[in-house]
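The structure appears right after this line, and notes come after that.
Taken together, the values in this text are just the output of simple stated rules run on the coordinates, not laboratory data. Small disclaimer: the values here were computed from a predicted structure and weren't measured. FYI the Cβ positions are ideal-geometry reconstructions off the backbone, even for glycines, and counts take in every protein chain you see.
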Amino acid sequence: MNLNKKTKIVATVGPVSTDVKMLTKMAKAGLNVIRMNFSHGDFAEHQEKVDNARQVSKETGIPLALLQDLGGPKIRTGEFDTESGRITLKKGQTFTLTTRAVKGDETICSVSYKRLPQEIKVGHTVMVDDGKKRMTVKQVKGQDIICKVDVGGELKGRRGINLPNTDVSISSLTPKDLKDLEFGIKNNVDFFALSFVRRPADIVKLRGILDKAGSKAGIIAKVETPHAVENIDEIIEISDGIMVARGDLAIEVPAEDVPIIQKMIIKKCNQAAKPVITATQMLESMIHSPVPTRAEVSDIANAILDGTDAIMLSEETTLGGYPIESIEVMSRVANRTENDYLHEQLLSSVDRVDHKNIGESIAASAIKTAHRVDAKLLVSLTNSGYSARILSRHRSKLPILTFTPDQNTYQKSILNFGCRVYQMKTYTDFANAVKDIKEAIKKDKLAKKGDKIVIVGARPFGKKTETNMMVVETV
């Protein structure tokens, strides 16, 4: 496996990429995490993705993590009772959204969220159809929300509604999500992505469900509302990772704010040693084209320069004509970008740690030591995955080998920048663990005899304790 690429690639699997042959090619091209979008497809389709992903990982030896993306509470318009099933909204016209059951036409349509008239206010903005149409609320009368159309156009039924000004009380977990969760728990997926997170309580609710079911899956909070941005510190603290979901976010906040928000969130995740995924439209042109635009290449590179752990593909790998080429482009851009910036990133990051925190201080010292003694590898011996994350946050040019006896930690560590994961047996003796680590390194030809490696872990060995140990070993 190529150790050069440290940025992880998340790819959504769909009709063009579910079969074993295609997944194998994608894995060899640089795929690390398989995303299953539960806004589409049925359980049989998703089961095929799970089974095929695990088969590919077993046959190729390439670790692959599974991320189940829950659909969440999308508010939608009703259908239109017209011959074409669509209407045309004209700028300046009055249009009514209602929770009543009505036949939609050029003047009115129903909405799926029944409490909307109680929660929306005069002056609030209503965005429809991925933000392509915009209205302003002029009056709320009973179940009717009377709006003025600011940006019109053709509108089909069942289009999504975004409410950038309205703090709706809708739950982040729908009844469908709860059924989908049962599927993911049964199949032991590695991560659940929670859509339309607004407040920390959304994460707490999902965590409670997972704990009750005995699931150790990580929770990835999708930041796609202004309320999530406002609560970002608390959301990062109680999540296992963050996804900067730029699609819906760019509808709910001004588009020009999104790059600034992206940089802010990534920086905070790096500081907290939590993995962060940058998502949406990264290679959208490659749905139809075998080559990316220059802007897309810059977007990928800049996300990596910002410090993202992972970059994500959506339609490029579900419906597009060039899924393998899309992953190859991401891999090449990642390799090139990392080669230039990692050393400067490292020098600045190791001096910003909380040296009163033993684990962080050990990790920073390990990285400095590794570069001073010209070590070839950093090694994390970990039960929980924490020492791997605090090494990863410094963005060293050196690969981080993550050795763990815990299957859950093994799978979740796949998402961490720069980490290559190894399953090991449970040891109580440090010397035996080091011996097997060296054997694995030699087997995979990651270092030569006489090369130095720096190992970070915790003593007493074999127990869950804070990272408190750094050792320099010779292969």
### Task
Give a residue-ordered list of calculated ³J(HN,Hα) values for region 224-241 (Karplus: 6.51 cos²θ - 1.76 cosθ + 1.60, θ = phi - 60°; whole Hz; x for Gly, Pro).
9, 9, x, 5, 5, 4, 5, 9, 4, 4, 5, 5, 4, 4, 9, 9, 9, x
### Query
So between residue 199 and residue 439, what do we pick up on full extension, going 0.36 nm a residue minus the alpha carbon distance?
81.7 nm
### Summary
Residues whose modelled amide H sits under 5 Å from the amide H of residue 75, counting only those 5 or more places away in sequence or on another chain, are 161
### Message
How charged is the neighbourhood of residue 157? Take every other residue with its Cβ under 12 Å from the Cβ of residue 157, and add Lys/Arg as +1 and Asp/Glu as -1.
### Response
+1
### Query
Using Cα-only point scatterers and the Debye equation, what is log10 of I(q)/I(0) for region 358-474 at each q in 0.10, 0.18, 0.19, 0.24 Å⁻¹, rounded to two decimals?
-0.24, -0.84, -0.95, -1.63
### Task
Can you tell me the relative contact order of the chain? Whole percent, Cα pairs under 8 Å, sequence separation 6 or more.
14
### Task
Return the subset of 412/435; 216/425; 21/464; 412/443; 397/464; 443/464 for which the Cα-Cα distance in this structure is over 30 Å, preserving the input order.
21/464
### Length-normalised contact order for region 75-162 - Cα pairs under 8 Å, 6+ apart - percent
38
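What 222 nm value per residue comes from the helices of the chain, counting each DSSP H run with n ≥ 4 as -39,500 (n - 2.57) and dividing by all residues, nearest 500 deg cm²/dmol?
Theoretical 222 nm ellipticity from helices: -11500 deg cm²/dmol.
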### Summary
Residues whose built amide H sits under 5 Å from the amide H of residue 167, excluding neighbours closer than 5 in sequence, are none
### Gain on full stretching of the segment that runs from residue 339 to residue 373 - 0.36 nm per residue minus C-alpha separation
10.2 nm
### Query
Residue by residue, what Karplus-based ³J(HN,Hα) values in Hz, rounded to whole numbers, does region 149-164 have, using 6.51, -1.76 and 1.60 with θ = phi - 60° and x for Gly and Pro?
7, 8, 10, x, x, 6, 10, 8, x, 6, 8, x, 10, 10, 10, x
#### Entry: Other-chain or far-sequence residues with amide H under 5 Å of residue 276's (modelled H)
242, 309, 310
### Task
Below 17 Å Cα-Cα, how many Lys pairs turn up in region 75-162? Only count pairs eight or more apart in sequence, or on different chains, if you could.
21
### Message
Students often forget the sequence filter, so: which lysines lie under 16 Å Cα-Cα from residue 442 once same-chain residues fewer than 8 apart are removed?
### Response
376, 452
### Query
Based on the alpha-carbon gyration tensor of region 75-162, what equivalent-ellipsoid semi-axes (square roots of 5 times the eigenvalues) come out, in whole Å, largest first?
18, 15, 11
### Query
Relative contact order, percent, of region 135-183 when contacts are C-alpha pairs under 8 Å separated by at least 6 residues?
21
